[in-house]
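Trainee: I am attaching a structure below and will ask some questions about it afterwards.
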Amino acid sequence: MNTHRGAIFAFGLLSAAIGRLLARGEPLEQNRICDQVARLSRNIVAHELSAKKAGKLTKSETHFQCYGLSGARGEAESGFRTVRTQALPVFNRVVQEHDDTHLALLQTLLHLMAWNDDTNLVSRGGLEGLYYVQQQAQKLLWQGGVLVEGGIEAMQSLDDELILRNLSPGGSADLLAVTWFLSHFPAGSLYPE
């Protein structure tokens, strides 16, 4: 089993997008990179997940056809909307307010776990597993997440519980890696020419 499939997919697209921008002499900015990813993966959900195929469905096809969850393909097709609208703002705010990248990554991961429809969690624990993780992460965020006293310990306790339940928020971890990568580029214009 390849546990890094989503990250490999995302970084392959990010690399291709950056290559395309460099070849065109365009600036390397978060929004331009993500817009290129969206162009490169246009209609991938419809093409790969919606199409009726003979034989056994893959996990991704099952998640999409049963629950409407598009996973890594949907994130790519949207130009990493979750990263741009949720993860990067949280990451940037925490870095600015606390000057601590590690703390920012932890708080951002909690946000992703709370709001991302992580198909890796669905694979391991069904919708019940996904909802459990989202609720626990939201609960920690309502208490201040890792930014309050005892927050890191509370997150560690949640991690221990998820290990016991065999629940891994791998999709959220992949999006955190994308967030970290993109944070090294300027945001750029939301609507580049």
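Trainee: Given (1) in contact with a Gly (Cβ under 6 Å, 6 or more places away or on another chain); (2) farther than 18 Å from residue 6 by Cβ, where does residue 121 come up short, assuming only one miss?
Mentor: Exception for residue 121: condition (2).
Trainee: Then there is this: Just checking, which of 45, 90 is free of Cβ contacts under 8 Å to residues at least 24 places away in the same chain, hydrophobic (A, V, I, L, M, F, W, C) and within 18 Å of residue 117 (Cβ to Cβ)?
Mentor: The conditions single out 90.
Trainee: Now for a different question. May I ask you to verify whether residue 141 is aliphatic (A, V, I, L, M) and over 16 Å from residue 118 (Cβ atoms)?
Mentor: Values: aliphatic (A, V, I, L, M): yes; over 16 Å from residue 118 (Cβ atoms): no.
So residue 141 does not fit the description; no.
Trainee: What are the residues in segment 3-39 that are hydrophobic (A, V, I, L, M, F, W, C) and either surrounded by fewer than 13 Cβ atoms within 10 Å (Cβ to Cβ) or at pLDDT below 95 (or both), if any? Break it down into steps so the answer makes sense when it comes.
Mentor: As a first pass, look at segment 3-39 and keep what is hydrophobic (A, V, I, L, M, F, W, C): 7-11, 13-14, 16-18, 21-23, 28, 33-34, 37-38.
If the condition is that a residue be hydrophobic (A, V, I, L, M, F, W, C) and either surrounded by fewer than 13 Cβ atoms within 10 Å (Cβ to Cβ) or at pLDDT below 95 (or both), then 7, 8, 9, 22, 23 are the ones that fit.
Trainee: Being touching a residue at least 40 places away in the same chain (Cβ under 8 Å) and surrounded by fewer than 21 Cβ atoms within 10 Å (Cβ to Cβ) is the filter here; which residues of segment 106-116 pass it? Steps first, answer last, please.
Mentor: Going residue by residue through segment 106-116, those that are touching a residue at least 40 places away in the same chain (Cβ under 8 Å) are 106-110, 112-113, 116.
Answer for segment 106-116, where residues must be touching a residue at least 40 places away in the same chain (Cβ under 8 Å) and surrounded by fewer than 21 Cβ atoms within 10 Å (Cβ to Cβ): just 106.
The values are calculated or read from the model by the stated rules, or taken from the named source; none is laboratory data. Bear in mind the structure is a predicted one, so any value in this text is a computation, not a measurement. Using ideal geometry, Cβ is built from the backbone for each residue, glycine included, and neighbour counts are taken over all protein chains shown.
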